[in-house]
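**Q** I'd like to ask you about the structure that follows.
Please treat every number below as a calculation from the coordinates, not as lab data. If you're wondering where the values come from, they're calculated on a predicted model, not measured in any experiment. Virtual Cβ from ideal backbone geometry, glycine too; neighbours counted across all protein chains shown.
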Amino acid sequence: MSFVETVRSSLVWKFLLKLQKALLVLSSCFVVLIMCVAVLLRYVFKTDLFGIEEIVVIAAFWLYFIGSSYGVYDKSHVKADIIPQMLSARAQAFLSVLVNLTIASLCILFTVWAVDMVWYSYVWMPRTTGLRIPVFISQTSVLFGYALMSLYAVVYFFEDLFSFIAMKKEGASR
């Protein structure tokens with residue numbers, strides 16, 4: 001069993017995937033529900049729920065960053081793939097390694113920045129203006145999302161790297 005297969009079949013990988021799916025469903029339902037309540041209160045009962053916008057923004061942050069990390073897991077994130085179609089199989093494999101290395105590097109960099117951002121928010125404890133919710137709650141979604149993106153990107157980088165090396169060895173043995 002290869003390194004990548006071991007990681008993908010691990011309990012941690014499966015747990016993180018289930019956690020992501022649960023957070024996606026919960027945050028989606030919560031955003032829809034809170035928006036329905038806001039509309040009902042505003043247009044039917046002619047009143048407002050104080051601080052509802054702050055709550056929606058926090059849920060939307062979690063929805064967005066967990067959704068982004070799931071997109072990296074699923075390899076369905078936005079990409080331009082016209083150039084690889086014009087290249088040979090070996091060049092496509094090499095380009096895939098470079099792209100995944102770039103994605104992994106940037107995700108790791110953004111994760112490091114997110115750690116700094118969350119730590120700063122935790123230490124100084126800024127709060128939202130209405131409900132006084134600590135800002136680090138929404139910022140933790142950025143950290144969690146980028147940490148997951150980094151994990152998936154690094155695994156996919158190694159998967160493509162090992163595949164490219166195997167392809168190169170196959171070509172050399174012929």
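**Q** Measure nothing fancy, just the Cα-based angle from helix 11-39's long axis to the longest principal axis of the chain, in degrees from 0 to 90, nearest 10.
**A** Tilt of helix 11-39: around 30 degrees.
**Q** Quick one: angle between helix 89-124 and the longest Cα principal axis of the chain, in degrees between 0 and 90, rounded to 10, please.
**A** 30 degrees
**Q** Report, by chain and number, residues whose modeled amide H sits under 5 Å from the one on Arg127, excluding near sequence neighbours (fewer than 5 apart, same chain).
**A** It is Val135, by chain and number.
**Q** With a cap of 11 neighbouring Cβ atoms within 10 Å, and only residues DSSP puts in a loop, list the trypsin sites (Lys or Arg not before Pro) found in segment 45-114.
**A** For trypsin sites (Lys or Arg not before Pro) across segment 45-114 that sit outside H, G, I, E and B with at most 11 neighbouring Cβ atoms in 10 Å, the list reads Lys46, Lys75, Lys79.
**Q** Highest first, please rank the peptides 4-12, 113-121 by the mean number of other Cβ atoms sitting within 10 Å of their residues.
**A** 113-121, 4-12
**Q** Put +1 on the Cβ of every Lys and Arg and -1 on every Asp and Glu Cβ in the chain; which of Tyr120, Tyr156, Leu49 then has its Cα farthest towards the positive end of the dipole?
**A** Value: Tyr156.
**Q** So what is the calculated 222 nm ellipticity per residue for the chain, using -39500 (n - 2.57) for each DSSP H run with n of 4 or more, over all residues, to the nearest 500 deg cm²/dmol?
**A** Value at 222 nm, helices only, nearest 500: -27000 deg cm²/dmol.
**Q** Using a cut-off of 21 Å between alpha-carbon atoms, which lysines can reach Lys75, once sequence neighbours fewer than 8 places away in the same chain are excluded?
**A** Lys14, Lys18, Lys21
**Q** Nearest 10 degrees is fine. How inclined is helix 136-173 to the longest principal axis of the chain, computing both from alpha carbons?
**A** 10 degrees
**Q** As a footprinting exposure proxy, order Met149, Met86 by other Cβ within 10 Å, with the fewest listed first.
**A** Met86, Met149
**Q** What does the charge dipole of segment 87-174 about its Cα centre add up to, to the nearest 20 debye, if the Cβ of each Lys and Arg holds +1 and the Cβ of each Asp and Glu holds -1?
**A** 60 debye
**Q** Taking the alpha-carbon centroid of each part, what is the distance from segment 35-65 to segment 71-107 in angstrom?
**A** Using only Cα atoms, the two centres lie 38 Å from each other.
**Q** Moving on. P(r) of segment 1-75 in 5 Å steps, Cα pairs, percent per bin?
**A** Percent of pairs per bin, in order: 3, 14, 18, 17, 13, 10, 8, 6, 4, 3, 2, 1, 0.
**Q** If all Cα-Cα distances of the chain are sorted into 5 Å bins from 0 onward, what percent lands in each bin, rounded to whole numbers?
**A** Spelled out per bin, shortest first, that is 1, 8, 12, 15, 15, 13, 11, 8, 6, 4, 3, 2, 1, 0, 0, 0.
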